[in-house]
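K.L.:
Supplied in structure tokens, the structure appears directly below.
The values are calculated or read from the model by the stated rules, or taken from the named source; none is laboratory data. This structure is a prediction, so every number in the text was calculated from the model and none was measured. Positions of Cβ are backbone-derived with ideal geometry, glycine not excepted, and every protein chain shown enters the neighbour counts. Ligands, DNA and RNA are excluded from the accessible area calculation, which covers all protein heavy atoms including side chains. Shrake-Rupley method; radii C 1.70, N 1.55, O 1.52, S 1.80 Å.
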Amino acid sequence: MAQFKPGERVEVSSHDPGFRGSWYAGTVVRREAKNTNRYVVEYDQLYEDESGEKLLQETLDWIQLRPPPPPPEKKKVQFKFGDEVEAFYSDGRWEGTITAEHSGGKFVVFLRGFEEQIVFEEKDLRLPVQWVRGKWEPRFEQVQREKEVS
């Protein structure tokens, strides 16, 4: 079980319908209680209401939290058709698949959570990784891709 401390940066996965496959950045405010696995998290870009004056705080199970992934390696990722990616959209990171390449470093991505295709700039994409037993691991698709390139 992961242990998070107040002030620690995290990404939050939602189990709510319409939000599966998304990750939102936030900060741990506190543990809900001493002997619990639940944490109060304040989101970076989600607000309590439409006025946007007060950041949303939620109490979440530890299984919904992970530390932010490490920055990408120095070598530039060459995205291509069919790649699984996480795209920054609607204040969070959403899982999707590149369905077309455009000039100027733009890509069409099918976002499963929205069931639509959206054009993204390369800077808004990252390769997905998984937080497994306390460490970052590439997803299966990424491992397969790296084998093809080698």
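K.L.:
Is it the case that the range 100-123 has a residue that's of a type in the set (Asp, Glu), within 22 Å of Gly18 (Cβ to Cβ), in contact (Cβ under 8 Å) with a residue 60 or more places away in the chain and not in a strand (DSSP E or B)?
P.N.:
no
K.L.:
Now a separate question. Counting only residues that are in contact (Cβ under 8 Å) with a residue 24 or more places away in the chain and in contact with a strand residue (DSSP E or B) (Cβ under 6 Å, 6 or more places away or on another chain), how many does the range 15-36 have?
P.N.:
Result for the range 15-36: 10.
K.L.:
Looking for whichever is of a type in the set (Ser, Thr, Tyr), open to solvent by 70 Å² or more (accessible area, probe 1.4 Å), over 19 Å from Val132 (Cβ atoms) and within 19 Å of the chain's Cα centre (by Cα) here; the options are Tyr39, Tyr24, Tyr47, Tyr43. Which one fits?
P.N.:
Going through Tyr39, Tyr24, Tyr47, Tyr43 in turn, just one is of a type in the set (Ser, Thr, Tyr), open to solvent by 70 Å² or more (accessible area, probe 1.4 Å), over 19 Å from Val132 (Cβ atoms) and within 19 Å of the chain's Cα centre (by Cα): Tyr47.
K.L.:
Can Glu58 be described as out of contact with any Gly (no Cβ under 8 Å at 6 or more places or on another chain) and open to solvent by less than 70 Å² (accessible area, probe 1.4 Å)?
P.N.:
It is true that Glu58 is out of contact with any Gly (no Cβ under 8 Å at 6 or more places or on another chain) and open to solvent by less than 70 Å² (accessible area, probe 1.4 Å).
K.L.:
Given (1) small (Gly, Ala, Ser); (2) in contact with a strand residue (DSSP E or B) (Cβ under 6 Å, 6 or more places away or on another chain); (3) open to solvent by 80 Å² or more (accessible area, probe 1.4 Å), where does Ala87 come up short, assuming only one miss?
P.N.:
Tallying (1) small (Gly, Ala, Ser); (2) in contact with a strand residue (DSSP E or B) (Cβ under 6 Å, 6 or more places away or on another chain); (3) open to solvent by 80 Å² or more (accessible area, probe 1.4 Å), Ala87 fails exactly one: (3).
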